[in-house]
Amino acid sequence: MNDTYVYIQKFHAWWAYAAITLLLIAIISSVIGLTSKKDFTPASRKVALFGLIGLHIQFLIGIILYFVSPLGKEALSQIKNAELRLTALEHPLINLIAIVLITVGWSMHKKKATSHEKFKVISIFYAIGAVLILSRIPWNLWFK
């Protein structure tokens, strides 16, 4: 395999830790803000924004990896193989849906008037996105 592919693959795997951590921090922060009836402060906004940015960076790295991968088109032709289907189709598609939902949540929170509504929208959309992302991670490849 070429060095560029290996480097991008490793970076994608390691950046995933940062992206998921930022996402989970944003969810926990929003749930705490929601349940404790705190004000939605600029710090609350930044925490949610960092979660969003971390995931967008991860997705861009994943898109690049998808197109430089020597397995890309070959894996799609072998869709009956569960492992190849997960990495070639399910993982990128579900993550795209998750990131769209998280981005919609980010956009919707800006239109809400109260702190409670802002925290609620971020909590719901980010949590749904997190569940989708975590459900389609190729865990067997991640820990190699």
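Straight Cα distances below 17 angstrom link residue 118 to the aspartates and glutamates 39, with same-chain residues fewer than 8 positions distant left out.
With semi-axes √(5λ) of the Cα gyration tensor in Å defined as stated, name the option among [x] 33, 14, 12; [y] 27, 17, 12; [z] 20, 17, 15 computed from the structure displayed. For semi-axes √(5λ) of the Cα gyration tensor in Å, the calculated option is [x].
Annotation: aspartates and glutamates with alpha-carbon distance below 14 angstrom to residue 38 (same-chain offsets under eight excluded): 117. Of the cross-linked pairs 10/120; 10/112; 10/46; 10/80, those separated by over 30 Å at the C-alpha level are 10/120; 10/112.
Residues whose amide H comes within less than 5 Å of that of residue 40, counting only those at least five positions distant or on another chain, are 115 (H built at 1.01 Å from N in the peptide plane).
Principal-axis analysis of the Cα atoms of the chain puts helix 115-135 at an angle of about 20° to the longest axis.
A Cβ-based charge dipole, computed about the Cα centre of the stretch 1-131 with Lys and Arg at +1 and Asp and Glu at -1, lands at about 600 debye. Amide H contacts for residue 71 (H built 1.01 Å from N in the peptide plane; partners 5 or more residues away or on another chain; cut-off under 5 Å): none found. Spatial offset of the stretch 104-140 relative to the stretch 53-78 amounts to 23 Å, using the alpha carbon center of each. Per-residue ellipticity at 222 nm from helix content only, as computed over the chain with -39500 (n - 2.57) for each DSSP H run of at least four residues, stands at -26500 deg cm²/dmol. With both labels modelled 7 Å from their Cα along Cα-to-Cβ, the residue 43 to residue 84 distance reads 5.1 nm.
When peptides 52-59, 39-46 are ranked by their average number of other Cβ atoms within 10 Å per residue, the highest-first order is 52-59, 39-46.
Restricting to Cα pairs below 8 Å that are 6+ residues apart, what does the relative contact order work out to for the stretch 3-142? Please round to a whole percent.
It rounds to 32 percent for the stretch 3-142.
For the stretch 3-142, build the charge dipole from Cβ charges (+1 Lys, Arg; -1 Asp, Glu) around the Cα centre, then report which of 36, 140, 130 sits farthest towards its positive end. The one lying farthest along the dipole's positive direction is 36.
Between the Cα long axis of helix 3-35 and the first principal axis of the chain there is an angle of about 20°, rounded to the nearest 10. Scoring 116-126, 86-96 by mean Cβ neighbours within 10 Å over their residues and listing the highest first yields 116-126, 86-96. What the phi angles of the stretch 56-65 give under the Karplus curve with 6.51, -1.76 and 1.60, with θ = phi - 60°, is a coupling list of 5, 4, 4, 5, 4, 4, x, 5, 4, 4 Hz, glycine and proline written as x.
Throughout, read-outs are computed from the coordinates displayed, never taken from laboratory work. The model shown is predicted, which means the values in this text are computed figures rather than measured ones. For neighbour counting, all protein chains shown are included, and Cβ atoms are generated from backbone atoms with ideal geometry for every residue, glycine included.
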